[in-house]
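Encoded as structure tokens, the structure appears first; notes follow it.
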Amino acid sequence: MSRLEDGLNGICAADILGLVTAERSYGTSWRNRGGVGAFMMLARKWDRLENQVKKHDYDLFAAIASDTRPEGIIDDIRDLRRYLLLVEEHTGSGIGEVGKGGEAGLAYVNQDR
């Protein structure tokens, strides 16, 4: 297994555990206000990230390096990623499914879109 695969496996496993644990406490509260509320929750997470990277001329890696607090920028990145996973899972557009925006066999993030 490559270093990338090892790293991603750890991140994904932690995300799954974190999401399952959070669901036990909060249920589906993240979508109680519908799609607009879910979008605004994502927007708030993005706004937090943007406010933090602005201080570093939008250099994300510099912002991460300078904020070593457990609740710092890396926590906001983790939260945003997990909320995005919840959105994708909720809409049924996971990998391997076609429809509602999903693409079967998508093996990488296409940054040209």
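All of the numbers you see were taken from the coordinates with simple rules; none came from a lab. Computed from a predicted structure; not experimentally measured. With ideal geometry, Cβ positions are generated from the backbone for all residues, glycine too; neighbour counts draw on all protein chains shown.
Cβ-Cβ distances below 8 Å connect the following pairs, each with a first residue in the range 81-92 that is on the phi < 0 side of the Ramachandran plot, a second residue that is part of a helix (DSSP H, G or I) and of a type in the set (F, W, Y), and a separation of six or more residues or different chains: Y83/W30; L86/W30. Screening M1 against (1) surrounded by fewer than 11 Cβ atoms within 10 Å (Cβ to Cβ); (2) part of a helix (DSSP H, G or I) leaves a single unmet condition, (2). Taking the conditions exactly as written (under 24 Å from R69 (Cα atoms) and not basic (K, R)), does A38 satisfy them or not? No; evaluated as a whole, the condition is false for this residue.
Could you tell me whether L42 is of a type outside the set (D, E, K, R) and in contact (Cβ under 8 Å) with a residue 40 or more places away in the chain? Judged against the criteria, L42 is a match. Of all the numbered requirements in (1) exposed (fewer than 14 other Cβ atoms within 10 Å of the Cβ); (2) under 17 Å from L80 (Cβ atoms); (3) within 16 Å of the chain's Cα centre (by Cα), F61 misses one, and that requirement is (3).
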